[in-house]
1. Enumerate the pairs (first residue in segment 36-56 and free of Cβ contacts under 8 Å to residues at least 40 places away in the same chain and at positive phi; second residue anywhere and part of a helix (DSSP H, G or I) and hydrophobic (A, V, I, L, M, F, W, C)) with beta-carbon separation below 6 Å, excluding pairs fewer than 6 apart on the same chain, so at least 6 apart or on different chains.
2. Give the residues of segment 30-74 that are assigned to a helix (DSSP H, G or I) and of a type in the set (S, T, N, Q), sorted by residue number.
3. Between a first residue in segment 66-84 that is farther than 17 Å from L23 by Cβ and a second residue that is aromatic (F, W, Y), which pairs have beta carbons less than 8 Å apart while being 6 or more apart in sequence or on different chains?
4. Please go through segment 48-65 and give me each residue that is more than 11 Å from A16 (Cβ to Cβ), surrounded by fewer than 20 Cβ atoms within 10 Å (Cβ to Cβ) and small (G, A, S), ordered by number.
Amino acid sequence: METETRRRLPGVTLGAMLLAAVLAMWLLWQPGLISTLPMALRLPLIGLGVWALGAAFMAAMGLEARRYRLRRMTTPPWSLIALGAFTLVLVLRAIMV
């Protein structure tokens, strides 16, 4: 069923991968967006970023997790929610700095 979702929405997968690539490059150019946060906020944000960017790149390469919960977390809609939340946090952090 997840494969059918990916086939119906190829533009979403491409858009998520491009957004993930832009966010990764942005964090390479401005690591202060995350590194200046206190550790209690930094670690959950790093975890969210790993989940969001990893899921976006996984979907673009056509990989799927074998376990049900992992597969559910790394395919839409949960992966897109994580990517949107991570993007929103970074944009808000850039505005505030």
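1. Close Cβ pairs (under 6 Å, with a partner that is part of a helix (DSSP H, G or I) and hydrophobic (A, V, I, L, M, F, W, C)) do not exist here.
2. Quick first cut of segment 30-74, residues assigned to a helix (DSSP H, G or I) only: 32-35, 39-61, 68-73.
Listed by number, the list holds a single entry, S35.
3. R72/W78; M73/W51
4. Matches in segment 48-65: G54, G62, A65.
Quick note: the coordinates plus some simple rules give every number you see, no bench work behind them. Predicted model only: the values in this text are computed from it and were never measured. Cβ: placed from backbone, ideal geometry, glycine included. Neighbour counts: every protein chain shown.
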